[in-house]
Every structure is written in C-alpha cells, then in structure tokens.
Amino acid sequence: MVLRLAGELDLLPREQNALLEAAGLRPVFPQRSLEDSDMARFRQVIEALLEGHEPLPAAVIDRYGAVRSANKAFERLTPGFVGLEPEELVDRFFGPGPLREALVNWEEVASVWLARQQFEARRTADARLVALIARAERLIGPLPARIGREELPVVHSRIKVGEHVLELFTVVVRFDTANDVTLSELRVELMYPGNEAADRFFRVARPGT
C-alpha cells in the first residue's frame, strides 16, 4: 500500500525509501556506489556518453547539482568544477567572480536554475536542497519579474570568451527506469552549440576539422 501511494505521488527511489521507513518498513531500493561491480555496465554507458560527446562539453550531475565527472571539453570550459561540493559550486556560480562576469545572460540562467531546484525542493522536502536554494538566493539577490529571450524555444547559456559570445543549450539524459537511488538521481548533461561562434569554438578541438 505504501509503495502504491508512492507511485501515485511519482516519488523517486530515495523518497519511496523514506516513506517506507516512516511507515516502519524496510527500504526496498538499494543505493550503490558507481564504483560497485553491479554498476559497471551503467558506468560504461555514462563514460561512453561523455567520451562520445567530445569535442562538445558533457558532465554527470547529481541530485544537488555537483559535477561527479565530466569530459575534457567540459573541463576546458569550466575548469575546476569536477569534485566540488554543491555549496562550493553555488558560491562559484552565483557569487561575484569571473564566471558570473563571463555569463552574459547570468540572470536568465540563475532564474532557470532556481525554478528547477525549487520544484525539486517542493517535491522532495530535501533539507540540503532547501539550504542550497537559500544560499543561492542570498547571492543572487532580486531578479527581474520577466526575463528571457522569447524567440528561442530553449534557454541558452551565453558565455563571453574573448571577443565572441558562445551560446550553448543542454540536453539531459536520465535513467528513467532506475531502481537504484544513485542512478535515479544522476543526469548526464550534453551541451550543444546554439550559434556559429560556439560551433567554431568547440569544433576546432576535433582532429581533422
């Protein structure tokens, strides 16, 4: 009955485990490390996605926005992100500094991040996620009531590199049928060029082009 209720609420494995425990029952979904032998096949899939996306950026992002791993193109674009704690990433992305200055549409990207994380926080009531949002909001400050480039169907990150502005949009890959807590919370973010400047910037990294 508890699992049927969790299913109707569209809860992920972590939340379903929590609901079972609140009812005095044992959790049913395991939480393995990506390094476990049982996860080898899925780890290979993730690595293949990252490597196959070169010379374009790709990264593995966890529940809290931390970059668990990334390909070389992602690390060239955002050096030092892999392995940082979510709190450190929030400070680096939303606080004053070179990243905020380079992101031309910083307010738009910040607004999208906040909306997505606030939705997850309402759905899961995750205390750490709530604290991350509060941390980000203190750094962001007030945002315009209406922002966005309405002519684009997807929000692009617009990053200034030298004299050029690179426009990038993201496609997300998930394990939608995952019965493992770790896999259910991971997403692979594949970034694609949204303008010719970004296409030229990344394609020069591919041998023979």
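State yes or no: is residue 47 part of a helix (DSSP H, G or I) and closer than 24 Å to residue 133 by Cβ? Steps first, please.
Values: part of a helix (DSSP H, G or I): yes; closer than 24 Å to residue 133 by Cβ: no.
Here the answer is no, as residue 47 does not meet what is asked.
Please go through the range 53-91 and pick out each residue that is more than 15 Å from the chain's Cα centre (by Cα) and surrounded by fewer than 18 Cβ atoms within 10 Å (Cβ to Cβ).
Answer for the range 53-91, where residues must be more than 15 Å from the chain's Cα centre (by Cα) and surrounded by fewer than 18 Cβ atoms within 10 Å (Cβ to Cβ): 54, 55, 72, 76, 79, 80, 91.
Can you go through 48, 40, 18, 22 and tell me which one is surrounded by fewer than 15 Cβ atoms within 10 Å (Cβ to Cβ), free of Cβ contacts under 8 Å to residues at least 12 places away in the same chain and either polar (S, T, N, Q) or over 27 Å from residue 191 (Cβ atoms) (or both)?
Details: 48 fails: either polar (S, T, N, Q) or over 27 Å from residue 191 (Cβ atoms) (or both); 40 fails: either polar (S, T, N, Q) or over 27 Å from residue 191 (Cβ atoms) (or both); 18 fails: surrounded by fewer than 15 Cβ atoms within 10 Å (Cβ to Cβ).
Of 48, 40, 18, 22, the one residue that is surrounded by fewer than 15 Cβ atoms within 10 Å (Cβ to Cβ), free of Cβ contacts under 8 Å to residues at least 12 places away in the same chain and either polar (S, T, N, Q) or over 27 Å from residue 191 (Cβ atoms) (or both) is 22.
Inspect all residues belonging to the range 192-201 and state whether any of them is at pLDDT 85 or above and within 17 Å of the chain's Cα centre (by Cα).
Yes - at least one qualifying residue is present in the range 192-201.
Go over the candidates 54, 75 one by one and state the one that is acidic (Asp, Glu) and in a loop (DSSP other than H, G, I, E, B).
Numbers: 75 fails: in a loop (DSSP other than H, G, I, E, B).
When all the criteria are applied, what remains is 54.
Just name the residue that is surrounded by the most Cβ atoms within 10 Å (Cβ to Cβ) out of those in the range 97-116 that are in contact with a strand residue (DSSP E or B) (Cβ under 9 Å, 6 or more places away or on another chain) and among the β-branched types (Val, Ile, Thr).
So, considering only residues that are in contact with a strand residue (DSSP E or B) (Cβ under 9 Å, 6 or more places away or on another chain) and among the β-branched types (Val, Ile, Thr), the one surrounded by the most Cβ atoms within 10 Å (Cβ to Cβ) is 109.
Give 63, 41, 68, 14 a once-over and let me know the one that is of a type in the set (Lys, Arg) and outside the structural domain of residue 114 (by TED's automatic domain parsing).
14
Answer yes or no: is there a residue in the range 130-153 that is in a loop (DSSP other than H, G, I, E, B) and buried (at least 16 other Cβ atoms within 10 Å of the Cβ).
no
Among (1) out of contact with any strand residue (DSSP E or B) (no Cβ under 8 Å at 6 or more places or on another chain); (2) modelled with pLDDT of 95 or more; (3) not acidic (Asp, Glu), there is one condition residue 164 misses while meeting the rest; what is its number?
(2)
Just to be sure, is residue 178 more than 23 Å from residue 91 (Cα to Cα), assigned to a loop (DSSP other than H, G, I, E, B) and either in contact with a Pro (Cβ under 6 Å, 6 or more places away or on another chain) or in contact (Cβ under 8 Å) with a residue 12 or more places away in the chain (or both)?
yes
The values are calculated or read from the model by the stated rules, or taken from the named source; none is laboratory data. Keep in mind that this is a model prediction, so the values were computed, not measured. Here Cβ is always computed from backbone atoms with ideal geometry, including for glycine, and neighbour counts include all displayed protein chains.
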